[in-house]
Amino acid sequence: MRALKVTGFLLGGLLALLLLALLALRFLVNPNDFKGRIVSAVHESTGRELQLPGDIRLSVFPWVHLEFGPASLGNPPGFDARPFVAVRRVDLRVKLLPLLHKELRVGRVVVDGLDLRLLKNRAGAGNWQGLGGKDQPPEPDGQRTSAVEALRDLGGLTLRNGRVSYQDQVIEGLDLEVGRMAPGVTTPVRIKLRLASAAGATPTDLDGRLDLTPDPAASRYRLNGLELSAARRSTGGGAVNLKLGVPQMNVDLAAQTLGAAAFSAEAGGATLSGSLHGERIIDSPAIAGTFRLAPCSPRKVLAALGYTVPPMRDGQAFSALSASGQFAYSSTATQLSGLRVQLDGSSLTGRAGISDKGGSTIGFELALDHADLDRYRAPPAPVAKDASAPAVAQEQGTALKTLRLDGRLTAGQVRVAGVTLSRLTAVLAARDGVLRAAPTTATLYDGTLRGDLALDSRAAVPRLQIDETLDAVAVAPLLRDLMGKPSRISGRGHVVTHLSARGSDAAAIMRSLSGHLAARLDGGAVEGVDLWFEINRAAALIGKGALSAGVLSAGSDSGRTRFDAFSATADLTDGVATTRDLNIVSQNLRLAGQGTFNIVSEAVNYQVHAMVLKQPTAGPVNNANLLADIPATITGTLTHPAIRPDLQGIARARVQQELDKHKGELQQKLQDQLQKLFK
C-alpha cells in the first residue's frame, strides 16, 4: 500500500508540474516573439516571403489552440508580386492529451477569407511547385501512411468567403462546411461557390452536398446523397439551372476503382440518367457506363439554356429527341456504343467515338432508317451581300482543316436538297483539310448512283471535286425534285461527271463549275418545244411544203418533242457548258448540233441540223433516204427557248441544191467550151 501511495503522489506531482509548465507557457511565452524565426524558417525552406502582420494567439490546455491572421505567403521569383495565398484568419485546435499517445485529434479548423492564386509562367511552371521545400526527398510510403493513421479524428473544417483562381478561371464566395471526420463516421459536406470562366463572363452559382463515410485504413470511401446544382443567367436574361444527383458512389483508392449504380442530370427540361464504374482512377482513369436521355424537345432545351435555334424550313422540326447507349472514356479515347437516337421520328443506331491516337479522330459506324434533312435546312432567302459571309466561310474552312474523320453511314431513305435517295451507303474520311465521301452508292429514282466526292479546304477558297455515275435514272422526277420545278426533259438516263468547283456557297460553286460531262437518255421527251412543228415551218421556207403526215406531224404546236435517244458530252468552264456532239434520234428524225449552255443564267445558244428521213433507220443516214436537211438556231433560256430556222444556212443549202441539180449541165457546157477553144 505504501508503494501505491508513493506512486500516486509522484504522478500527482508530475501532473501538477505539467499544469504549472503549461500555465507558465501560456502567460510567460508570447508566440509573437517568434515571428522572425517563423518567417526565416519558411523562407529558408521554400524561398518565399511569409507575412504575419496580425497577432498570433496560443493556448495549450485542454486544447492546443492556435489563432492567427491576417497572413500571406508570396510567390516564387518570376511570378506576380501579389501573394500566392492569403488568409484573413485561421483558427486551429488540437487535443493535448492524445498527443502523448502519438494520436492527432484535431478540432474544427476555421479558415476565413482564403485567397489562393494559382498561376503558370511563360515556361509552364506553376507557382505552387516547390512548396514541399528545397531539394526534399519524397517521403516514404510508410511514413505517409503513419501520418494519415495518426490523424484519428478531425472535428471539422469551415471555410468562409474564400477565393481560388487559376489563370482566368475564378471561384469566388467559396463556403465549405465539413463535419467531423473519423473512421466509420458519416461526414456531411456542404459547399457553395460562384464560378466565372473569364473576366466579364456570366458567373455560375454552384451548390452541392454529400455524406462521406471514410475508411482510411482500407482507403475506401462511400459517398451518399451527392447533389449538385448550378445556376447562371442566360444571354436572354432567364435563369439556366442544372442538377446532378448520385444516390451512392463507392471509391476504393487502393484498387483504384469507383462505382455508381445510378446517376441523373437535369438541364433545361432534359433528363439524363445512367450508371458508371471506373478503373485506374489515379494512374490512368477509365470510366464506362450506360446513359439514357428521356424524350425531350431540343428546341425548348436550347431555349432554356439561352441558345437561339436557327430558323428551319419546317418549324416543327427538331422538337422530339431521345437517346440511349453505353459510353466509355479513357485518356486515349471516348466511345459511344449500342447507340440509339430518335429524332423527329427518325432512328439512328450504331457507334461513334473520338480517338486521340495520332490526333483526335472521330470514328463512327451509323445506320439511319429514314430522314428528311430538308426539314432542318435554313429557309430560302434572296441572295444578299453579307460582310459576315467570308468570315463564316473562313471559320468553316478552319474547322475542316483540323477535322479528322473515319466512318461509314448507311440510310434506308434520305431526302436532301429535294432529292430522295434509298439504300444509301457512304464511306467518309477527313484528314489534313480534305473531306472525302468515297465510295457513295445509292438507289436513285429507279436507277443507281455511285460517286466520289471530295472537299479540299487547304487553300483559301475550298475546292469541290465531283466524280459521279448515274445509271438508268428517271431524269424527269430527279430534275423536278432537284430544281423545285417541272423538268424540261424526261427519259431514263446514264450520266457520267468529272467536275470541279471552287467557292464557299452554292452560287460561287455554280459559277466556277468546270470539267466534263457525258449523258445519254432513252425513251424520253423535251418539254416546252415541238421540234416536229418547227421543222415543218422550216421546210415550208425552203419550198418543201408541209412534210407528209406519215413522216412528221404537221398539225398544231404540241409543245413537246418525243425522242428515242438523246446524247451529248459537254466541257464546262466557269459554269458554261460547251457541247459539240448533241445528237437526238427519233424514228424519222436525226438532230445534231453544237452550242453552249450557261448553268447560272440558263441561257442557251445552239446551232442544230435536223435531218428528216423518208423511212426510219437505225444506221447512218444516206442521201437516198434524206427527205430534208434543215438548219436552225436555239436561243433564249431553258425556260423560254426560241427556235428559228437558220435563214443563211437555208439559203446556202438552197444554192447547193440548185448547183447539185444542174451540176451535169454545167460540166457539159464547160467541156464544150474547152473543145472549141483548142480546135
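The values are calculated or read from the model by the stated rules, or taken from the named source; none is laboratory data. Here the structure is a predicted model, which is why all the values come from computation and not from measurement. Counting neighbours? That spans all protein chains shown, and the Cβs are built from the backbone with ideal geometry, glycine included. Please note that ligands, DNA and RNA were not included when accessible areas were found on the heavy atoms of the full protein model with its side chains. Shrake-Rupley method; radii C 1.70, N 1.55, O 1.52, S 1.80 Å.
Cβ-Cβ contacts under 6 Å between residues 6 or more apart (or on different chains), taken from a first residue in segment 319-339 that is in contact (Cβ under 8 Å) with a residue 24 or more places away in the chain to a second residue that is surrounded by 17 or more Cβ atoms within 10 Å (Cβ to Cβ) and part of a loop (DSSP other than H, G, I, E, B), are absent.
Every residue, every condition in (1) more than 29 Å from the chain's Cα centre (by Cα); (2) among the β-branched types (Val, Ile, Thr), yes or no:
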residue: Val473; (1), (2): yes, yes
residue: Arg480; (1), (2): yes, no
residue: Pro486; (1), (2): yes, no
residue: Ser490; (1), (2): yes, no
residue: Val495; (1), (2): yes, yes
residue: Ala501; (1), (2): no, no
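Just one residue in the set Leu478, Leu517 is farther than 30 Å from His370 by Cα and surrounded by 17 or more Cβ atoms within 10 Å (Cβ to Cβ); that residue is Leu517. Of the residues making up segment 562-577, at least one is without any contact (Cβ under 8 Å) to a residue 24 or more places away in the chain, in contact with a strand residue (DSSP E or B) (Cβ under 9 Å, 6 or more places away or on another chain) and assigned to a strand (DSSP E or B).
Does Leu470 meet the test of being surrounded by 18 or more Cβ atoms within 10 Å (Cβ to Cβ) and within 30 Å of Gly523 (Cβ to Cβ)? When the stated conditions are applied, Leu470 passes them. Among the residues examined, Asp211 does not qualify as modelled with pLDDT of 90 or more and more than 21 Å from Met249 (Cβ to Cβ).
Among residues of segment 269-305 being open to solvent by less than 60 Å² (accessible area, probe 1.4 Å) and in contact with a Lys or Arg (Cβ under 7 Å, 6 or more places away or on another chain), the one that is nearest to Phe318 (Cα to Cα) is Ser273.
On the given criteria, is Gly268 modelled with pLDDT under 95, under 26 Å from Thr204 (Cα atoms) and touching a helix residue (DSSP H, G or I) at 6+ places or on another chain (Cβ under 6 Å)? Yes, satisfied.
Of the strands (runs of 3 or more DSSP E) contained entirely in segment 35-77, those carrying at least 1 residues that are open to solvent by 40 Å² or more (accessible area, probe 1.4 Å), under 20 Å from Val94 (Cβ atoms) and not aromatic (Phe, Trp, Tyr) fall at 56-59, 63-68. Every residue in segment 247-260 that is assigned to a strand (DSSP E or B), open to solvent by less than 60 Å² (accessible area, probe 1.4 Å) and not small (Gly, Ala, Ser), please. Across segment 247-260, the qualifying residues are Met249, Val251, Asp252, Thr257, Leu258. Among the listed residues Ile287, Ile362, Ile282, identify the single one that is closer than 30 Å to Ala231 by Cβ and hydrophobic (A, V, I, L, M, F, W, C). One residue alone meets the criteria, Ile287. The set of residues in segment 148-171 being modelled with pLDDT of 90 or more and surrounded by fewer than 16 Cβ atoms within 10 Å (Cβ to Cβ) consists of Thr158, Asn161, Ser165. Go through the residues of segment 500-513 one by one and say whether even a single one is open to solvent by less than 40 Å² (accessible area, probe 1.4 Å), in a helix (DSSP H, G or I) and more than 21 Å from Ala438 (Cβ to Cβ). Yes. Of everything in segment 306-325 that is of a type in the set (A, V, I, L, M) and open to solvent by less than 40 Å² (accessible area, probe 1.4 Å), the residue that is nearest to Arg351 (Cα to Cα) is Ala323.
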